[in-house]
Amino acid sequence: MGTSRDALFDLAVNRAAEAAARLGPTRQDGLRRELEVWYLKTRFAYRVPFEQVLDAVRRRPDGPVHWEGGPDGAWRPGPAATP
């Protein structure tokens, strides 16, 4: 069972991935810029390291997946469980 900090990280990565998907295909520098704007508008900005969120989003595979396991987690098949 993960910690509440892990759950917050998972939520940040999954929401950032959703925001990135709405942007469509972008160059890597465009992704950084767009997610920085998203990140600063969220409540995650001071609780979850942006670079770790960005790294996880960049490693997202194709298909229906969700991030699970906090900063040391991974992309898992299927949609995220709802709390």
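Quick rundown of the values:
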item	result
Neighbourhood charge, 11 Å Cβ-Cβ cut-off, centred on Leu8 and excluding it, Lys, Arg +1 and Asp, Glu -1	+2
DSSP loop trypsin sites (Lys or Arg not before Pro) with at most 12 other Cβ within 10 Å excluded, longest remaining stretch of the chain	1-26
P(r) of region 44-83 over all Cα-Cα pairs, binned every 5 Å from zero, in whole percent	6, 21, 29, 25, 16, 3
Long-range amide H partners of His66 with built H, under 5 Å	Arg76, Gly78
Correct choice for Cα Rg over 2.2 N^0.38 Å that was computed from the model, options [x] 1.01; [y] 1.41; [z] 1.36	[x]
Of all accessible heavy-atom area on region 1-63, the percent that carbon and sulfur account for (1.4 Å)	52 percent
Karplus 3J(HN,Hα) series, Hz, for region 12-19 with 6.51 cos²θ - 1.76 cosθ + 1.60 (x for Gly, Pro)	4, 5, 5, 5, 5, 5, 5, 5
Cβ-placed point charges (K, R +1; D, E -1), dipole of the chain about Cα centre in debye, nearest 20	220 debye
Length released on extending from Arg76 to Thr42, taking residue separation times 0.36 nm less the Cα-Cα span	9.8 nm
Solvent accessible area, Å² - Trp75, 1.4 Å probe, full protein context	40 Å²
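The values are calculated or read from the model by the stated rules, or taken from the named source; none is laboratory data. What you are looking at is a predicted structure, and each value in this text was computed from that prediction instead of being measured. Neighbour counts run over all protein chains shown; Cβ positions are idealised from the backbone, glycine included. Ligands, DNA and RNA are stripped out before the accessible areas are found, and what is left, the full protein with its side chains, is counted by its heavy atoms. Shrake-Rupley method; radii C 1.70, N 1.55, O 1.52, S 1.80 Å.
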